[in-house]
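This report refers to the structure that appears directly beneath it.
What follows is calculated from the coordinates using simple rules that are stated; it is not laboratory data. Computed from a predicted structure; not experimentally measured.
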Amino acid sequence: MTEKTPGFEEHQPQPPPQQPQAQPQAQPQPQPQPEAAPGAAPEEAEPQQAPAAQEQEVPQAAELDQVAALTAQLDQARTALAERTADLQRLQAEYQNYRRRVERDRVAVREVAVANLLSELLPVLDDIGRAREHNELVGGFKSVAESLETVVAKMGLQQYGKEGEPFDPTVHEALMHSYAPDVTETTCVAILQPGYRIGERIIRPARVAVAEPQPGAQTAKPAEESGAAQATEQGEDNKENGGPEEG
């Protein structure tokens, strides 16, 4: 017989408690949605479509904002392009004006330089002209004179002034004055020194002797013209009246 110590009871292992088995839950059966009546208003179906419409409106608003931002950037780019184009056109116009001004100044400087050079040669040309008038332009002197005249002609020098041409104070310089019955206006009757010009630039005016109509000839001539006119009128009147009878 085994003695049991007080307070120490023989501990027997207890089996683990069994878990109650879960009963399968019944799945809720989907209840059929009531169909809308044929005559029902469309507002009854809007609560179901509202979330989807809201989801579509958000991306559309973002796209509109993006399009507006791109449009603003495009407008800014177009404005900047227009400003740069205007600046380029203004610079191009200024450059063209500068080129024309430089070319005009270059031509003017060249004409002034040529005019100054030819002005120094005018006395030599006058001597050549006087020698030709006295038949002294012969031999080697003649060849040199003709070569010089050819060179100055290539440089644009032109000689002008002829007897019988009307007097023009802008290109002629009157050194002598007289009256002549055979002229009807102030006329150059003698060329004392020929004039020279380059294009429209006068290097030296032609020095001439001029003649004007006589004052008496001017008054007599209108009287003669009036007398001739009266005679003509009388002849026409006689023709109209039949003229004098022959005896």
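Can you tell me which residues in the range 90-141 are of a type in the set (Val, Ile, Thr) and in a helix (DSSP H, G or I)?
Val102, Val107, Val109, Val112, Val114, Val124, Ile128
When you go through Glu185, Glu173 one by one, which is the residue that is part of a strand (DSSP E or B) and charged (D, E, K, R)?
Result of the check over Glu185, Glu173: Glu173.
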